[in-house]
Amino acid sequence: MRLRIYQVDAFTDRLFGGNPAAIVPLEQWLPDQTMQAIAAENNLAETAFFVPEGEGYALRWFTPTVEVDLCGHATLASAYVIFRFLDARREQVEFRTLRAGTLRVSRQGEALVMDFPAWPPEPCPVPPELPAALGRGPVDMLRFRQRYLAVYEDRADVVALTPDFAALLRRGYGDLIVTAPGNDGVDFVSRFFAPAHGIDEDPVTGSAHCVLTPYWVKRLGKTRLEARQISRRGGALTCALAGDRVIIAGRCVLYLEGAITV
């Protein structure tokens, strides 16, 4: 069986930036173990698979090791593939997901705009073991379910972090966002460490901004935020809070178009 595959750099306007996602359109679902094996073979942060469903699509995401509940960059990249290759007349696409509900992506000039759930974090104690695991301790700590948010004073603190990923995973912080105020027109910066999902550091993480956006909107009192994820590849996002939803906009660049044999 030959399947189409696209590799797209998401949340960037330049090739080799942002977060690469593999996108595999399907007519019907493959066995779960086959999709997981394809994701492992691709060895990217996420591989997305979607199938037609009504006027939209059903969508699932896999890291090289597990299926995940929500993935922003691979959703953005999936919409990009549909708009560019599958149905160029569309202005909006809806994705039904297993655990994140219905997600909508629309065109807005060169950007694609996603409508995602908001995950407002609640304060929690700073664990005494966290500074050693990260290289330096945060000034504040919050959490949404099992996703933690560590807040630092400035961008340089976030850049300087040297995580011990094994220690983070061992102590239950394998899904950790770190953030600080930005500068030069950027409202906030972040990094995302996800050893619990088989990814030490994710280049650009749309779902992390479901947590980051409510926090920074409340802290800064702004309705529109410019964000940068300052991984090695780096990425740019524009975020806004709309009730219990987060609006996340970004751009995509095509890297690869081809076929795989299964």
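Here, each number is a calculation from the coordinates, and none is a lab measurement. Note that the coordinates shown come from a computational prediction; the quantities given were computed from them, not determined experimentally. Counting neighbours? That spans all protein chains shown, and the Cβs are built from the backbone with ideal geometry, glycine included.
Quick notes on this structure:
- Test: residue in the stretch 88-98 that is more than 13 Å from the chain's Cα centre (by Cα) and part of a helix (DSSP H, G or I): no
- Restricting the stretch 75-94 to residues that are in contact with a Ser or Thr (Cβ under 7 Å, 6 or more places away or on another chain) and charged (D, E, K, R), the residue that is nearest to ARG251 (Cα to Cα): GLU91
- Just one of the listed residues (VAL217, VAL204, VAL186, VAL159) is crowded, with 24+ Cβ neighbours inside 10 Å, among the β-branched types (Val, Ile, Thr) and either on the phi < 0 side of the Ramachandran plot or assigned to a loop (DSSP other than H, G, I, E, B) (or both), and it is VAL204.
- From the options LEU237, LEU225, LEU220, residue that is in contact (Cβ under 8 Å) with a residue 60 or more places away in the chain and aliphatic (A, V, I, L, M): LEU237
- One residue stands out in the stretch 38-94 among those that are touching a residue at least 60 places away in the same chain (Cβ under 8 Å) and among the polar types (S, T, N, Q): the one that is surrounded by the fewest Cβ atoms within 10 Å (Cβ to Cβ), namely THR65.
- Taking the criterion of being among the small types (Gly, Ala, Ser) and over 18 Å from TYR6 (Cβ atoms), the residues of the stretch 236-262 that qualify are ALA236, ALA240, ALA242, GLY243, ALA249.
- Against the list (1) of a type outside the set (Phe, Trp, Tyr); (2) under 23 Å from ALA227 (Cα atoms); (3) without any contact (Cβ under 8 Å) to a residue 60 or more places away in the chain, the condition ALA167 fails is (2).
- Any hit, the stretch 77-85, residues being outside any strand (DSSP E or B) and over 20 Å from the mean Cα position of the chain (by Cα): yes
- LEU70 vs. criteria within 23 Å of ASP202 (Cβ to Cβ), touching a Phe, Trp or Tyr at 6+ places or on another chain (Cβ under 7 Å) and not aromatic (Phe, Trp, Tyr): no
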